[in-house]
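S.K.: For reference, the structure I am asking about is given below.
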Amino acid sequence: MKRIALFCLLFVPMSLWAQKQYFLPTGDSSMDEKDRPMIEVYLPQQEQTNGCAVVLCPGGAMRWLSWESDVVKMAAFLNAHGIAAIGLRYHLNKGGGGMPRGAQMPPMVDVTHPDHFPQADANPMHNAHGDSIIHLAEQDAKAAIKMVREHAAEWNINKDKIGYLGFSAGGGVAIAATMSATAIERPNFLCTNYGPSLMPVTVPVDAPPLLIMTRADHPNVAAGLVALFMEWKKAGANAEIHMYGDGNGPYELMPETGATTTETWSRQLILWLKAKGFLTQR
């Protein structure tokens, strides 16, 4: 019965919609509205809310957003646990696909070689345009945290229980934003799902607790996340890593069939938030 209920929780509530949408400041008044960064707010039932909010940074290789899986489904899951979900539509690289001229495919680094990524920078193809997009997305993520804090009372959110969950490239965006945030922009926690840093990591003073989840056989990503974990620990900051050893297919919400340990990542997320005190009743 519990397994059936969990399957329904993960896959049925596709009708969930954002109750509120807000454009984020961009500094570019000429930008078309359909391309402007924004947040979409999904709030739990008032009697269920526990004051925690998660800004969801979806994946998509910085060229698109995996919105349905990383935001809509995830928001339904979080709302069911009393957590507000904030979907972030951040700046994307609209400069066309493919690698820069003269660039070669990066080597596929496995989990045993985190040293291939000094300062946990797992971006194998830096260029001026790509890095500029990452910095714009980083500003969007910081603006999202600030906006959530500004609306905290209205949305029944505790200002000290706001953090990121980034997927793939969205994890890189969340990490970059955390490193450069001011006090009002700084997350209280940082979670990344198979999303290593896309820039050199300098762990901030008073760094938030970090949760990392990924698969050991994910080329480059796994090694980059081990390197990220080490940077956090070398700085004396709190970090936890779950490196699942099996499973295949999309790394998203999935029913717990017992076939792989990877299926349990979403439950692990909730346990971690509880253990860190972010899901206690206000």
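The values are calculated or read from the model by the stated rules, or taken from the named source; none is laboratory data. Owing to the predicted nature of the structure, the values given are computational and were not obtained by experimental measurement. Note: ideal-geometry Cβ built from the backbone for every residue, glycine included; neighbour counts use all protein chains shown. The area values use the complete protein model at the heavy-atom level, side chains included, leaving out ligands, DNA and RNA. Shrake-Rupley method; radii C 1.70, N 1.55, O 1.52, S 1.80 Å.
S.K.: With point charges of +1 on the Cβ of Lys and Arg and -1 on the Cβ of Asp and Glu, referenced to the Cα centre of the chain, which listed residue (251, 86, 214) lies farthest in the positive direction of the dipole?
M.R.: My answer, from the dipole projection, is 86.
S.K.: Can you give the local net charge around residue 90? Use residues other than it whose beta-carbon is closer than 10 angstrom to its beta-carbon, Lys and Arg +1, Asp and Glu -1.
M.R.: Surrounding charge for residue 90 is -1.
S.K.: Could you work out how far apart the two model spin labels at residue 129 and residue 63 are, taking each label as a point 7 Å from the Cα in the direction of the beta carbon, and quote it in nm?
M.R.: Reported label-point gap for residue 129 and residue 63 is 1.2 nm.
S.K.: If the cut-off is 29 Å between C-alpha atoms, which lysines fall inside it for residue 274, apart from same-chain ones fewer than 8 positions away?
M.R.: Output for residue 274: 2, 20, 73, 142, 146, 159, 161, 233, 234.
S.K.: Shifting gears a bit: May I ask you to compute the full-extension gain from residue 217 to residue 238, defined as 0.36 nm times their residue separation minus their alpha-carbon distance, rounded to one decimal in nm?
M.R.: Full extension of this stretch gives 5.1 nm more.
S.K.: Calculate the all-directions average of the projected area of the chain's alpha-carbon convex hull, and give it in nm².
M.R.: Here the figure is 15.0 nm², rounded to one decimal.
S.K.: Then there is this: Leaving out ligands and nucleic acids, and using a 1.4 Å probe, what accessible area per residue does segment 88-199 come to in Å²?
M.R.: In whole numbers, segment 88-199 has 42 Å² accessible per residue.
S.K.: Show that you can apply the helix-only estimate: for the chain, add -39,500 (n - 2.57) for every DSSP H stretch of four or more residues, divide by all residues, and state [θ] at 222 nm to the nearest 500.
M.R.: The helix contribution divided over the chain gives -9000 deg cm²/dmol.
S.K.: A follow-up question, please. For the chain, give the share of DSSP beta bridges that are antiparallel, in percent and rounded to the nearest 5; count only bridges with both residues there.
M.R.: Bridges in the chain that DSSP calls antiparallel: roughly 25 percent.
S.K.: Hey, with R₀ at 30 Å, roughly what FRET efficiency would residue 183 and residue 280 work out to, going by the Cβ-Cβ distance, to 0.05?
M.R.: 0.85
S.K.: In segment 58-189, what percent of the accessible surface is made up of carbon and sulfur (1.4 Å probe, ligands and nucleic acids excluded)?
M.R.: The computed percentage sits at 55.
S.K.: Right, next: What's the local net charge at residue 75, with K and R +1, D and E -1, over the other residues with C-beta under 15 Å away?
M.R.: -1
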